Amino acid sequence: MMWTLFLLAAAAASPAPLPAFLAGCWEQRKADRWTEECWTVPRGGLMIGSGRDGQGDTVHHWEWMRIDRGADGVMSFYASPKGAPAVAFKATQVSATDITFANAGHDFPQRVRYLRTTTGVDAEISLADGSKPVRWSYRRSGDGSEK
């Protein structure tokens, strides 16, 4: 009985795993416009990401990203558009296929969400209440879906 209680307490206290479903390179194409993100596998409590978008051979935007845990154990997403100082978004909802981060004090976005789908990964940025959403439906890079 005591061992079962110990295992239940340990399971309840263990933090949610990093979103391994993001690992790899993802791409959305619409005619000659494209957006892509690449994420490392979770290792050492850290995932590192990069993103860029553009049209044809022209890059319009790029950013560095990371997901890690603070000293408090809370998972956070950090975005550094075009090398600007990173902005933190704390995880507010985590499952094996869905993760949401929020920072109501940031101008835009205030919420960042990733969802694993049967065909890839959907991403959304919005205000904290979900208004003014911008969405992407990513497929694995090189899977032929860009044709």
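The values are calculated or read from the model by the stated rules, or taken from the named source; none is laboratory data. In this text, all values refer to a predicted model and were calculated from it rather than measured experimentally. Glycine gets a Cβ as well: all are built from the backbone with ideal geometry, and neighbour counts include every protein chain shown.
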### Query
Out of segment 108-120, which residues are within 14 Å of the chain's Cα centre (by Cα) and in contact (Cβ under 8 Å) with a residue 24 or more places away in the chain?
PRO109, VAL112, TYR114, ARG116, GLY120
### Message
Looking at (1) under 25 Å from GLY142 (Cα atoms); (2) surrounded by fewer than 17 Cβ atoms within 10 Å (Cβ to Cβ), which one does GLY105 not meet, given that it meets all the others?
### Response
(1)
### Query
Looking at (1) over 14 Å from the mean Cα position of the chain (by Cα); (2) crowded, with 16+ Cβ neighbours inside 10 Å, which is the one condition that is false for LYS132?
(2)
#### Entry: Filter result for the condition that a residue is surrounded by 13 or more Cβ atoms within 10 Å (Cβ to Cβ) and at pLDDT below 95, over SER80, SER145, SER137
SER145
#### Entry: Within segment 108-121, tally of residues that are closer than 22 Å to ALA16 by Cα, buried (at least 17 other Cβ atoms within 10 Å of the Cβ) and not hydrophobic (A, V, I, L, M, F, W, C)
6
### Query
Hey, among the residues in segment 81-122 that are part of a loop (DSSP other than H, G, I, E, B) and hydrophobic (A, V, I, L, M, F, W, C), which one's nearest to VAL134 (Cα to Cα)?
PHE108
### Query
Any idea which of TYR114, TYR78 is within 16 Å of TRP136 (Cβ to Cβ) and of a type in the set (Phe, Trp, Tyr)?
TYR114
### Message
Suppose we keep only residues that are modelled with pLDDT of 95 or more and in contact with a Lys or Arg (Cβ under 6 Å, 6 or more places away or on another chain) within segment 58-77. Which one would you say is surrounded by the most Cβ atoms within 10 Å (Cβ to Cβ)?
### Response
MET75
### Task
Could you identify the single residue in GLY105, GLY83, GLY70, GLY49 that is free of Cβ contacts under 8 Å to residues at least 24 places away in the same chain and under 16 Å from LEU18 (Cβ atoms)?
GLY70
